[in-house]
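Input: a single structure, listed below in structure tokens.
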Amino acid sequence: MSHDKNPIIAYDPWHALNQLTSARIGLGRAGMSLPTRANLDFQLAHALARDAVHIPLDFSKLAQALEQLGYHYQRLQSQAENQRHYLQRPDLGRCLNEHSYQALATSDIHPVDAVIVVADGLSSTAIENHALGFLQLLVPVLTKAGYQLAPIALVKHGRVAIGDAIADHYKARLCITLIGERPGLSSPDSMGIYFTYQAKAGVSTDADRNCISNIHANGLTYEQALKKLCYLIAGAEQLKLSGVELKDETTDTGLELSGSANFLLN
Amino acid sequence: MYKTTAQHLSYDFKTLANVMAKATPARSGDYLAGVAASNHLERVAAQYALADVPLKQFLTEALVPYETDEVTRLIIDEHDQTAFAPISHFTVGDFRNWLLSEDASTEKLTALAPGLTPEMVAAVSKIMRLQDLILVAKKCRVISQFRNTIGLENRLSTRLQPNHPTDNATGVAASILDGLLYGSGDAVIGINPASDNLEATARLLHLLSDVIERYKIPTQACILAHVTTTLKAIEQNVPVDLVFQSIAGTQKANESFGINLNILEEAHQAALGLKRGTVGNDCMYFETGQGSALSANAHHGLDQQTCEARAYAVARKFKPLLVNTVVGFIGPEYLYDGKQIIRAGLEDHFCGKLLGLPMGCDICYTNHAEADQDDMDLLLSSFAMAGGSFIMGIPGADDVMLNYQSTSFHDALYIRQVLGLRPAPEFEQWLIEHQIFNASNQLKPLTEMPALFKSSLQKVLGSTDESR
């Protein structure tokens, strides 16, 4: 590529190395600062991540879609009253509000094996983009295996542990929570799945959960995530527990097992 | 004690821990813990009360019980009465006045450090404005050495942080090369491994050690694995320069990290024994951050900034090369927005420096915090004005493994230009020798690769495509 004789931007001769990593390398410079284009690219990624946190999830739209699929659902909310409150008080995001408890109390209770919880968490776009697609794979698998399911709980301003109270209420063995993960610049819509066996509100801790992280277009596929979840469910049913003592031994995609060989050392 | 009146209201704060917490400038983590002042008047009343507390009181009223907390025992048992003597008659308010005075010279502050406890410096920081924190920290000078010298006047070092989501060796190497060619990496080349196990850690340690050796870079390597993983690596003769560990300010919080003082001592001795340093042998790298004790439910009713300062007592026991407060990583439930992050960064730097630590700052934020690049620019600028020892260097400020934003290679060059700050002298020489920097502390214009890296780049990109 030819350059102007006196370019305003200095390009990095190693620019093409950016094919080797997702890191933002070889950005060039304006003076010694970030060139305009690279600066705006960063702002764009940050805007997407910020919007994922702050644009509220359209729960009605999600509910409608579930209805069309013939899935039962119920809408609940944590004790966090708004987004600002939610971000600063994770303790409140783990507890259902009074209204939700009343709603649960008035709904029929049939004995169930599993509850599925869908919470907005820290990324509404994660749930908007990925919850439905994953549920369409998950629900038939659970149903086929003979599991009785509670109505899918759609929880506004929910943290991971909010599933405990819901599982508790239904006396469900399995609690499966789909939640929007903290967005990164490269993955604003990453969904996580937390699995807890015999979840109990105020008793279960993070050590009792298994996490399947990074479900998005460039991360785990729904099929890969489901495979991991099924493995965990089977293991939990056998061991009667979940969490640190239940290891996910499905092969991890990605992690490098190669040596330290690289072009700097050749 | 701990009583005051403000606007005809009388306050009785009852305990030192309570007056410290209530006097702390507002931050979300203290509200979350339920220890913060309930309104502005109560906060300033607590600040009046705190200003009147004699410094000696901190030696008799432990904020976490001596009997049950080894960090408290460390603080009390190793307190140097002789060093403390010149200010032993001060109140917290007197202490602030003296720190700001000309009498508090670099020499006197250096001599005073062993006489100060973390709680004393935390207390005085609570009644200081940002300009006070900057002015006093700037007078402190803490120098540490391994293969170069960190903390000299008008110097600012950077940790090159070439993280990769899957620890891919080629991806890591690409970020290292990018960083070196932007003049980054004199504090350390330090990788957060995607998986904390011995195999991954050893592989990355070899990679960094080989690169440093091949290109004769006057810097040190670190893989930020758990201290027990690094100890195993040392046992297996894997090359370890610096031992890393996250630390906190209470025994219980450290237990939640899986460490105690004995484990740190064992690791320190093991790394010292390797004698891999050239100009010095400061071989520990610690990271801290406000909120870590609370998040482990191990804060004992203290405010998060006081807990943070206590972590520095743990750090100074092991004479570290680097101590890094990772200020905005923990999220908005502890530090809500740019304003809280900026203040916390400057408080941590001030407290660390006063206690004699080589303080750097991971000037950073997550996407659910109310902060952006402008906030980071403000903290970077004021941190450098305060004489901060080092900052992070991450390609384009975007850590693709840890999913947060920190300072970029370009950010370091910005502040070098504005404040005339140079890298560590040994590293600066290397940069000049290899045509990366000119003698005026600026990047040289590059139309082709510096000779040092030319052949490696040709191998990976092909000789014809070298100038992209």
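The values are calculated or read from the model by the stated rules, or taken from the named source; none is laboratory data. Remember, predicted model here, so these are calculated numbers, not experimental data. Don't worry about glycine lacking a Cβ; one is built from the backbone with ideal geometry, like all the others, and counts go over all protein chains shown.
Couple of notes before you dig in:
- Complete set of residues in region A:115-139 that are among the hydroxyl-bearing types (Ser, Thr, Tyr) and either part of a strand (DSSP E or B) or under 14 Å from A:Leu154 (Cβ atoms) (or both): A:Ser124
- Screening A:Ile162 against (1) in contact with a Ser or Thr (Cβ under 6 Å, 6 or more places away or on another chain); (2) hydrophobic (A, V, I, L, M, F, W, C); (3) more than 23 Å from B:Glu333 (Cβ to Cβ) leaves a single unmet condition, (3).
- Sub-8 Å Cβ pairs linking a first residue in region B:397-416 that is within 15 Å of B:Ala369 (Cβ to Cβ) to a second residue that is in a strand (DSSP E or B) and aromatic (Phe, Trp, Tyr), at least 6 apart or interchain, are B:Tyr404/B:Tyr365; B:Gln405/B:Tyr365, ordered by first then second residue.
- Residues that are in contact with a Phe, Trp or Tyr (Cβ under 6 Å, 6 or more places away or on another chain) and surrounded by 14 or more Cβ atoms within 10 Å (Cβ to Cβ) were ranked within region A:113-136; the one that is farthest from A:Ala52 (Cα to Cα) is A:Asp113.
- Qualifying residue in region B:205-227 (condition: more than 29 Å from B:Ser456 (Cβ to Cβ), β-branched (Val, Ile, Thr) and in a helix (DSSP H, G or I)): yes
- Taking helices (runs of 4 or more DSSP H) as the structural unit, those lying wholly within region B:363-468 and holding at least 2 residues that are out of contact with any Leu (no Cβ under 7 Å at 6 or more places or on another chain) and within 12 Å of chain A (Cβ to nearest Cβ) correspond to B:373-385, B:409-419, B:451-461.
- Qualifying residue in region B:98-110 (condition: touching a residue at least 40 places away in the same chain (Cβ under 8 Å), crowded, with 19+ Cβ neighbours inside 10 Å and either in contact with a Leu (Cβ under 6 Å, 6 or more places away or on another chain) or under 23 Å from B:Asn324 (Cβ atoms) (or both)): yes
- In region B:327-362, of all residues being within 14 Å of chain A (Cβ to nearest Cβ) and under 13 Å from the mean Cα position of the chain (by Cα), the one that is surrounded by the fewest Cβ atoms within 10 Å (Cβ to Cβ) corresponds to B:Phe329.
- Restricting region B:141-191 to residues that are of a type in the set (Ser, Thr, Tyr) and within 16 Å of the chain's Cα centre (by Cα), the residue that is surrounded by the fewest Cβ atoms within 10 Å (Cβ to Cβ): B:Ser144
- Flag if A:His110 is in the same structural domain as A:Ala150 (by TED's automatic domain parsing), in a helix (DSSP H, G or I) and either surrounded by fewer than 18 Cβ atoms within 10 Å (Cβ to Cβ) or out of contact with any Pro (no Cβ under 9 Å at 6 or more places or on another chain) (or both): no
- Under the condition of being out of contact with any Pro (no Cβ under 8 Å at 6 or more places or on another chain), within 23 Å of B:Ala298 (Cα to Cα) and surrounded by 19 or more Cβ atoms within 10 Å (Cβ to Cβ), the residues counted in region B:71-97 number 1.
- Condition check for A:Pro90 on (1) in the same structural domain as A:Ser190 (by TED's automatic domain parsing); (2) buried (at least 16 other Cβ atoms within 10 Å of the Cβ); (3) modelled with pLDDT of 95 or more: one failure, at (3).
- Restricting attention to region A:140-163 and to residues that are in contact (Cβ under 8 Å) with a residue 60 or more places away in the chain and in a helix (DSSP H, G or I), the residue that is farthest from the chain's Cα centre (by Cα) turns out to be A:Val141.
One line per residue, one yes/no per condition, for (1) over 27 Å from B:Val400 (Cα atoms); (2) more than 14 Å from chain B (Cβ to nearest Cβ):
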| site | (1), (2) |
| --- | --- |
| A:Gln83 | no, no |
| A:Ser100 | yes, yes |
| A:Ala114 | yes, yes |
| A:His130 | no, yes |
| A:Phe134 | no, yes |
| A:Pro151 | yes, yes |
| A:Arg173 | yes, yes |
| A:Ile179 | no, no |
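- Pair list, Cβ < 9 Å and 6+ apart or interchain, from region B:155-178 residues that are facing chain A (nearest Cβ under 7 Å) to residues that are of a type in the set (Asp, Glu): B:His164/A:Glu256; B:Thr166/A:Glu256; B:Asp167/A:Glu256; B:Asn168/A:Glu256; B:Ala169/A:Glu256; B:Gly171/A:Glu256; B:Asp178/A:Asp12
- Some residue of region A:194-210 being among the small types (Gly, Ala, Ser), part of a helix (DSSP H, G or I), away from chain B (no Cβ under 13 Å) and buried (at least 20 other Cβ atoms within 10 Å of the Cβ): no
- Residue tally, condition assigned to a helix (DSSP H, G or I) and among the polar types (S, T, N, Q), over region A:68-107: 6
- Failed item in (1) out of contact with any Leu (no Cβ under 7 Å at 6 or more places or on another chain); (2) farther than 25 Å from B:Ile150 by Cβ, with B:Pro332 passing the rest: (1)
- The condition of being over 30 Å from B:Pro450 (Cα atoms) and away from chain A (no Cβ under 14 Å) holds for only one of B:Leu130, B:Leu198, that being B:Leu130.
- Scanning region B:38-67 for residues that are under 27 Å from the mean Cα position of the chain (by Cα) and outside any helix (DSSP H, G or I) gives B:Leu55, B:Ala62, B:Leu63, B:Val64, B:Pro65, B:Tyr66.
Listed here are the residues, each with its yes/no results for (1) facing chain B (nearest Cβ under 9 Å); (2) over 22 Å from B:Tyr365 (Cα atoms); (3) in a loop (DSSP other than H, G, I, E, B).
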position	(1), (2), (3)
A:Asp12	yes, yes, yes
A:Leu17	yes, yes, no
A:Ser22	yes, no, yes
A:Leu27	yes, no, yes
A:Phe42	yes, no, no
A:His46	yes, no, no
A:Ala52	yes, no, no
A:Leu62	no, yes, no
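- Unmet requirement for B:Gly328, which otherwise passes all of (1) in a helix (DSSP H, G or I); (2) in contact with a Cys (Cβ under 7 Å, 6 or more places away or on another chain): (1)
- Here is the figure for region B:207-240: residues that are more than 17 Å from B:Cys283 (Cα to Cα), within 12 Å of chain A (Cβ to nearest Cβ) and surrounded by fewer than 19 Cβ atoms within 10 Å (Cβ to Cβ) total 4.
- Scan of region B:181-201 for residues that are touching a residue at least 60 places away in the same chain (Cβ under 8 Å) and within 20 Å of B:Ile363 (Cα to Cα), ordered by number: B:Tyr182, B:Gly183, B:Ser184, B:Gly185, B:Asp186, B:Ala187, B:Val188, B:Gly190, B:Asn192
- Residues within region A:222-236 that are surrounded by fewer than 20 Cβ atoms within 10 Å (Cβ to Cβ) and closer than 22 Å to A:Asp120 by Cβ, tallied: 2
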